[in-house]
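What follows is calculated from the coordinates using simple rules that are stated; it is not laboratory data. These numbers were taken from a predicted model, which means no experiment stands behind them. Don't worry about glycine lacking a Cβ; one is built from the backbone with ideal geometry, like all the others, and counts go over all protein chains shown.
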Amino acid sequence: MKASDLFVKALENEGVEYIFGVPGEENLDLLQSLKNSSIKLIITRHEQGAGFMAATYGRLTGKPGVCLATLGPGATNLVTPAAYAQLGGMPMMMITGQKPIKKSKQARFQIIDVVDMMKPVTKYTKQIVNSNNIASQVREAFRIAIEEKPGAVHLEFPEDIAQETCEDSVFDVVGHIIPKPDDQAVTKAVEMIHAAKLPLLLIGAGANRKVTCDALGKFVDKTGIFFFTTQMGKGVIDERHPQYLGTAALSSNDFVHAAIDAADLIINVGHDVIEKPPFFMKKNEKQVIHVNFSPAEVDPVYFPQLNVVGDITSSVNKLAEGIQTQDSWDFSFFKKVREEVAGHLSKYFHDERFPMLPQRLVNLLRGKLASEDIITLDNGIYKLWFARNYTCYQPNTLLLDNALASMGAGLPSAMMAKMLYPKRNVLAVCGDGGFMMNSQEVETAVRLGLHLTVIILNDNAYGMIKWKQEDMGFDDFGLDYKNPDFVKYAESYGAMGHRPESDADFREILDKCIAKPAVHLIDLPVDYSLNHPILNVMLKEKAEKL
């Protein structure tokens, strides 16, 4: 059997549906083998777009998304998506080509050590040097990608190896059982929770698994313990729940941090230090129980006193079984915080000034979208407003990245979400800076016939860095640019472009975009004038008074 055919067969054996990528001449044998495969090849306009789509596939399905690139510059373009998947816990498989390794005819042309380059940003990276090892190496790569904590893996498939003849065999796909938590650790955790006067639950990205969501919901309902989330833990429990306090979009000085400061024990489920800290630990201040698939990495701002290690769902269920509501718990302060949060978040929801406030946009989208509809975010200051103000009713309905926090992922993530859930409304909200980093994927979205709306928040600047610049007392310098005409830009790709001129105009356009199947780009002027006075000044003052 031809080696490239076996490689494809091994991918089919793993249940691969799509491969996203930009092939090169070193991939041509693999490309030919894919021609008659059940796997759909999706050509993107940049390797980054392919990698972000593959990572989002992994995030939403729990199965590795697969992307493809050639050697050299094609492979280097996958480094950012690799880090995005690795830090974000998204299973992803990268395949890159390489010149013949047994007999080179082009000296060192385009040659870099891709395997070595990928080591810091993957769980597993190997060059295939013998076609008879293809089946085992593909199986091993997929096993490692899925294993907790999920992440990125990479195989380099040289041109001459792809052309070899080898044995036709693949390995059975065998799952793995995550060990259950130690009973002593669970017992100790229950004792600590019972002894606490004001326990608080934190939900992180690692808890975003279907069965874990159900277990955490039952835990909160039984115990009455209030909870908050990290940015990537949003929606694990319906945020309309009466015990929900908010999302830690900032690391300090927000209303939710008043609750954190008051708590004497935090039960931290599914979070690790890779995601930006939702709070800072200080010695002898409060106790923290770390509940996750692996022990906590000790960090200057995170050093839990107890690790409950193992399958998170089992851990949460065992804790719920052992915990009894305590008369000593008084959650009246948390109720006060919740009331303050609700009042603050809604303050600008109905402000119709134009250009539009990000808070107003959050409110309009929440009112327009169903509970299962999906918003994907690029990275920018608006991410904080969505994290704080957007109420998630279901898991994975607000896709944002708070681990690598890469720009350029919003559009490809939305494309993947729409492909997986064609009956749901999917909107990408991107800053003008992040959108332009992978805006060429509009052509891919149009070619795929996706019904997708992209809202471009236009301020002609790198807005998040401007916010930090002002907070640090620096001059307004070095962060402004000019954008293209986004309406004409959309039309040049065969998409539909829109430029609202008022709040009412935007609402009408949004309705049309949701109703009419097409790729839509909305050029929305945004007003960031309240970023500094609210996020840097007012929040700190009000939170300290609680």
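Worth a mention:
- Out-of-range pairs (alpha-carbon distance over 20 Å; input 276/368; 210/234; 9/35): 276/368
- Positive-end residue, segment 346-536 charge dipole about Cα centroid, Cβ charges, pick of 474, 492, 419: 419
- Mean Cβ count within 10 Å, highest first, over the residues of peptides 37-46, 118-127: 118-127, 37-46
- Anisotropy class of the chain from Cα gyration tensor, a/c 1.5 cut: oblate
- For segment 3-162, averaging the sequence separation of C-alpha pairs within contact (under 8 Å, six or more residues apart) and dividing by the residue count gives a relative contact order of 26 percent.
- More than 26 angstrom apart: percent of Cα pairs within segment 434-546: 36 percent
- A simple rule links phi to the HN-Hα coupling: the Karplus curve 6.51 cos²θ - 1.76 cosθ + 1.60 with θ = phi - 60°, which for segment 247-261 gives 10, 7, 6, 9, 8, 6, 6, 10, 4, 4, 6, 5, 5, 4, 5 Hz, with x for Gly and Pro.
- Shape category assigned to segment 183-340 from the gyration tensor of Cα positions, a/c cut at 1.5: rounded
- Counting all C-alpha pairs of segment 358-409, share separated by more than 12 Å (%): 62 percent
- Amide H partners (placed H, <5 Å) of residue 68, local residues excluded: 20, 21, 22, 95
- Across the options 317, 202, 245, the greatest Cα extent toward the positive end of the charge dipole of segment 183-340 (unit charges at beta carbon of Lys, Arg, Asp, Glu) belongs to 245.
- Extension gain for residue 148 to residue 512 (0.36 nm times residue separation, less C-alpha to C-alpha distance): 126.8 nm.
- Between 0 and 90°, nearest 10: helix 410-420 axis offset from the chain longest Cα axis: 80 degrees
- The magnitude of the dipole of segment 346-536, with charges of +1 and -1 set on the Cβ of Lys/Arg and Asp/Glu and taken from the Cα centre, is near 680 debye.
- Take the Cβ atoms of residue 328 and residue 222, set R0 to 25 Å, and the FRET efficiency comes out at 0.90.
- In order through segment 381-388: 3J(HN,Hα) via Karplus (6.51 cos²θ - 1.76 cosθ + 1.60), integer Hz, x for Gly, Pro: 4, 4, 4, 5, 5, 5, 4, 7
- Cα-centre dipole for the chain with unit charges at Cβ (Lys and Arg positive, Asp and Glu negative), debye to 20: 440 debye
- Full-stretch length increase - residue 294, residue 370 - with 0.36 nm per residue and alpha-carbon distance subtracted: 23.8 nm
- Residue 288 long-range amide H proximity, modeled H, under 5 Å: 266, 305, 306
- Arranged from fewest to most other beta-carbon atoms within 10 Å of their beta carbon, 257, 154, 176, 241 become 176, 241, 257, 154.
- Placing unit charges on each Cβ (+1 for Lys and Arg, -1 for Asp and Glu) gives segment 3-162 a dipole about its Cα centre, and among 118, 145, 24 the Cα reaching farthest toward its positive end belongs to 118.
- Remark on residue 496: its backbone amide H falls under 5 Å from those of 519, 520, 521, a criterion applied only to residues 5 or more positions apart or on other chains, H modelled at 1.01 Å from N.
- Per-selection metrics, segment 42-155 (Cα): Rg and Dmax in Å: 13.6, 43
- Ranked for footprinting exposure by Cβ neighbours inside 10 Å, fewest first, 115, 301 give 301, 115.
- In degrees, nearest ten, helix 332-345 long axis to first principal axis of the chain (Cα): 60 degrees
- When each of the peptides 193-206, 83-96 is scored by how many other beta carbons lie within 10 Å of its residues on average, the order from highest to lowest is 83-96, 193-206.
- Spatial offset of segment 492-546 relative to segment 248-295 amounts to 31 Å, using the alpha carbon center of each.
- Cα-based helix-to-principal-axis angle, 183-195 vs the chain, degrees rounded to 10: 30 degrees
- Within segment 39-69, backbone nitrogen closer than 15 Å to the virtual label 7 Å beyond the Cα of residue 421 toward Cβ: 56-62
- Shape call, segment 334-451: gyration tensor on alpha carbons, a/c limit 1.5: prolate
- Segment 402-417 and segment 194-222: distance between their alpha carbon centers, rounded to Å: 27 Å
- Cβ crowding within 10 Å, taken as a proxy for footprinting-reagent exposure, orders 413, 314, 439 from fewest neighbours to most as 314, 439, 413.
- Note on residue 273 and residue 346: their simple-model spin labels are 4.0 nm apart, each label 7 Å out from Cα toward Cβ.
- Charged-residue dipole, Cβ positions (Lys, Arg, Asp, Glu), segment 183-340 about Cα centre, Debye nearest 20: 100 debye
- Cross-link table 282/540; 180/423; 418/512, entries beyond 26 Å C-alpha to C-alpha: 180/423
- q = 0.08, 0.11, 0.14, 0.19 Å⁻¹, segment 346-536: log10 I(q)/I(0) [Debye, one scatterer per Cα]: -0.23, -0.44, -0.74, -1.45
- Derived scalar couplings ³J(HN,Hα) [segment 201-209; Karplus, 6.51 cos²θ - 1.76 cosθ + 1.60; whole Hz; x for Gly, Pro]: 9, 10, 10, x, 4, x, 8, 7, 10
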